[in-house]
Structures are given as C-alpha cells and as structure tokens.
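Following: one structure in structure tokens, then a few remarks.
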Amino acid sequence: MSLAALCLALITQGTVPGIPESASSPTAVGYRVRVVEMEGLKWRAEMHRHLRPVARQGGASVWLMDESVVGGLLDTSKQTLFTPKAASGREVPAEMRTSLRVPYVANLERVADGPHGAATALAYKPDVAYVDESLSVSVKCRPAVEGGAMATIALDETRLAALELVEVVEDVQPKADAEPGTKPVTLKAQMQVPLLVDGTLKGEWRVPEGQALVVGLGPHEMKR
C-alpha cells in the first residue's frame, strides 16, 4: 500500500532560491513542492506529533507542519515523484505539472490458419496502447490578515496503480504431416488492463510563517 503525499512550502517573498532573479520580484511568491510516495501508513504514526489537521476532502487530508521537520517526513518516503519550484505574483496562480506516458498491451490480434481450437499455426500480434500518469498543481497566495499567507490550491492526480493481466490460452493442433501421437501445444499470451487511481483536492488554507502544508492523497495499493 502506498500513500502519495504533497508537501507545499511557501518561500519568502522576493528573490526565490532556485528561481532566476528575472522571474522574481519584490512582490513575487515562491513555491517549493515535493511530491513523494510513502510505503504504507507507518509514517502517520511516526510524524503524528508534527501534523496539525487542517481539512479533509474525501480520502485526502491536509495538515500544517513546521518547515523545520519537513525533512524528517521526506526521509520516510519510498520515493520522490516530483520536486518543482515556481514563482508568481500575488494572487496569480503558479502552475506545475508532470506526466509520464506508459505503454501497455491493450489487445491481442489472433493470427492463425484455422478457427479457435483447430489451428495448426497460431500467433498473437500485440496491440499497444498508452495511458498517462499525471500530476498538476495550481497555487496562488494572498496575504492573510492573521499573518502568513492564504494559499489557494488545486491538485489533480492520476496514478497507474496496476496493470492487471488477462491470459489467453489456446491449443495449437499438430500439422497433417506430424508424427502419429503428436500432442497439441498449448500457447499462452497475456494482455493488460490498466487500473487508474485519481485524486483531487481544492481549497484555500492559511499557512503561517515558518509552516508548510502537507497533503495526503489517500492510501491505495500499488502493484507496479
């Protein structure tokens, strides 16, 4: 079981580390996003004392965490999926996106010299299709009356959790000139069915100075 977690840190306004100065300004807001995959839910117990609940949407949860302990959360991750930085003006959305196209065998075209069960020559031609894994993050900020910033976040994720296998089995019959007693040969081939997991999150939350937003997109089983 895996849990994708998005850690959003609001960086000091002005020149943003890792962003060219030409893209920053005295009114610019910088964002650092780390998207990581967690192994199981053990991290929730280990980091529980640092996570302050903010909101829940369906299977997703939002917390606040001191920026100083974000590194400890990242250290417990299975792998890092996405680590963009961006800068934009106040109340101007910063858009970040990543995608990966994954091939799979969607169908098997039967090529044979006879009907099913009676062919003496048989092959399967794979029909390859593609599915896109993607993650898009939109963030914009405005100053909060209580201090810090009000962050408006829109998050959309599509993950390929598994490629389920479908096995096709057929016996290939001996040819007419085969030795007496020759037995049929069993031919097996596999095609795949993609299992996609979608996650969305939208909302506006206050992020105090020195804090980071942590978004858990919910647990799901990854078989890949």
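The values are calculated or read from the model by the stated rules, or taken from the named source; none is laboratory data. Note that the structure is predicted; figures quoted are calculated from it, not measured. Glycine also receives a Cβ, built like all others from the backbone with ideal geometry; neighbour counts cover every protein chain displayed.
Do the conditions hold for G216, that is, is it in contact with a Ser or Thr (Cβ under 6 Å, 6 or more places away or on another chain), assigned to a strand (DSSP E or B) and buried (at least 19 other Cβ atoms within 10 Å of the Cβ)?
When the stated conditions are applied, G216 passes them.
Inspect all residues belonging to the range 79-101 and state whether any of them is at pLDDT 95 or above and either at negative phi or not hydrophobic (A, V, I, L, M, F, W, C) (or both).
Restricting attention to the range 79-101, the residues satisfying the condition of being at pLDDT 95 or above are 101.
Add one more test, that the residue is either at negative phi or not hydrophobic (A, V, I, L, M, F, W, C) (or both), and what stays is 101.
Looking through the range 79-101, at least one residue is at pLDDT 95 or above and either at negative phi or not hydrophobic (A, V, I, L, M, F, W, C) (or both).
When R97, R159, R90 are checked against the criterion of being farther than 26 Å from L195 by Cβ, under 33 Å from the mean Cα position of the chain (by Cα) and basic (K, R), R90 stands alone in meeting it.
Screening the range 124-153 for residues that are free of Cβ contacts under 8 Å to residues at least 60 places away in the same chain and among the hydrophobic types (A, V, I, L, M, F, W, C) and picking the one that is nearest to A112 (Cα to Cα) gives V128.
Can you name every one of the strands (runs of 3 or more DSSP E) wholly within the range 1-77 that holds 1 or more residues which are loosely packed, with under 13 Cβ neighbours inside 10 Å and either modelled with pLDDT under 55 or touching a Phe, Trp or Tyr at 6+ places or on another chain (Cβ under 9 Å) (or both)?
52-57
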